[in-house]
Structure formats: C-alpha cells, structure tokens
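Here the structure comes first, spelled out in structure tokens, and everything after it is commentary.
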Amino acid sequence: MAPKYPDEVDVFTVPHSRMKQLVQKYFDMVSSTNFRDAVCMTNMLENLLHTFNEFKMHEQIENHFIMKRLKEKMNALHIRDAKVCNCHSDNRLTEMLTLVLEGYRCAQCSEQDREKYGDTLRQALEEFTQVFIPHMEEEEEVFQPMLVEYFTYDELKELKAKVIQKHLEK
Ligand code: FEO
C-alpha cells in the first residue's frame, strides 16, 4: 500500500485511477466481444486504440513533467539512481499498439483467424496488465516519496497541477 500524501502534491494517484479504469474497461470489452462479428471486433479495436494512445500520452507526460524534472533535481544534488532513468525504457505500449493495428487488418480475415487473433489479444492484454499495474504501484511507492524528498511543497504542488492539466488536454 502506497503511503498517503496530500492530494495537492500526489502526482500519480489521480492519473492512475483513470488508467486503472481503462484497464478494467478493456477486460470487459474484450471478454464481451464476439470476434466472429467483424463490426463488433472493429468497434472494440477502435476503443482499444484510444485506450493505448491514452496510456502513451500518460507515459509521455510522466517522462516530460515528472521523470525529467526528478532527474534534473537529482543531478543537481549529485544523486544517482538507475530506476529513475529506466522506468519507461521498455516498448510494451508500442507492441500493444502494433497488435491493435494488426487487428484492423485481421478484421478482413476469416472467422477462424479473427477468433485466433482474439485469443492472442486477450493473452497480450493479460501480460501487459501484469506489468502495467505493478509499474504504476512502483511509481506511487518509489517515485512519489523521492519527489517529496527532493522537491519543495510549492514545487510539487505546481508540478501536480501541470500533470493534471496535461492529462485533461486530450
Ligand atoms: Fe504512471 Fe508510468 O505509468
């Protein structure tokens, strides 16, 4: 359980609530999609594409407004921590977006191929989620305390406001 910080300086909890809602939504969507129905499958893919683009945007906001600022602050204090450099270094989001786009091509295939694609997509979403949820927990449990340690209350308050504003610009 992540320690509780005052709302005005907690940069992760609000955006992560939204990300977790999206995770629940894609499991509901994929489990209720009939992959033999090309229209139903395409509608689901459209939603999934929006979802993964939103995850991508979330990651970009964190990179630019949180991790970059944290690295700069730590450099100024001569503190090194590899976790800060590597937390978004894998390309799972890109792989998921590629798989979703492949689905659009697959929507033109046979029913059998669409069902096969559905199985692959379900498995990929399970695997993605098994990494994504702990990743968000790590940000809340490891990076939020670092932010509190290295930034002033006013700096963090400003940073939180910027992060929320950027998430709303979509
Ligand atoms: Fe908040 Fe890096 O996901």
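General remarks:
- Radius of gyration, Dmax [the range 61-116; alpha carbons; angstrom]: 19.4, 59
- D (Stokes-Einstein, µm²/s), Kirkwood Cα radius, the chain, 1.306 mPa s at 10 °C: 91 µm²/s
- Available extension along the chain between Glu46 and Gln60 is 2.9 nm, counting 0.36 nm per residue and deducting the alpha carbon span.
- Between Lys68 and Glu95, residue separation times 0.36 nm minus the direct Cα-Cα distance comes to 7.3 nm.
- Summed residue charge, Cβ within 14 Å of Ala76's Cβ, Lys/Arg positive, Asp/Glu negative: +1
- Under 11 Å, Cβ to Cβ, from Arg36 - net charge with Lys/Arg +1 and Asp/Glu -1: -3
- Whole-Å distance, taken between Cα centres, linking the range 62-113 and the range 134-168: 18 Å
- Averaging over all projection directions, the Cα-based convex hull of the range 115-165 occupies 4.8 nm² in the image plane.
- Between Thr98, Gly118, Met74, the Cα set farthest toward the positive side of the dipole of the range 37-145 (charges on each charged residue's Cβ, about the Cα centre) is that of Met74.
- With a simple spin-label model that places each label point 7 Å from the Cα along the Cα-to-Cβ direction, the separation between Lys83 and Ala38 comes to 4.9 nm.
- Taking one quarter of the surface of the C-alpha convex hull of the range 1-84 gives a mean projected area of 7.6 nm².
- 32 Å Cα-Cα threshold exceeded, pairs from Lys4/Lys56; Lys25/Lys73; Lys68/Lys116; Lys4/Lys116; Lys83/Lys166; Lys116/Lys160: Lys25/Lys73; Lys68/Lys116; Lys4/Lys116; Lys116/Lys160
- Tilt relative to the chain, helix 13-32 - C-alpha long axis, 0 to 90 degrees, to 10: 10 degrees
- Environment charge at Phe27 (Cβ cut-off 10 Å; Lys +1, Arg +1, Asp -1, Glu -1): 0
- Nearest-ten-degree value, helix 92-106 long axis tilted from longest Cα axis of the chain: 20 degrees
- One quarter of the surface of the convex hull around the alpha-carbon atoms of the range 85-147 equals 4.7 nm², the direction-averaged projected area.
- Helix 111-138 and the long axis of the chain differ in direction by around 10°, with both axes built from C-alpha atoms.
- Looking at the range 1-45, the trypsin sites (Lys or Arg not before Pro) that sit in a DSSP loop and have at most 11 other Cβ atoms within 10 Å of their own Cβ are Lys4.
- Each Lys and Arg Cβ is given +1 and each Asp and Glu Cβ -1; about its Cα centre, the chain then shows a dipole of about 320 debye.
None of the figures in this text is laboratory data; all of them are computed from the coordinates on show. This is a predicted model, so every value here is computed, not measured. Every residue, glycine among them, receives a Cβ derived from its backbone with ideal geometry; neighbour counts consider all protein chains shown.
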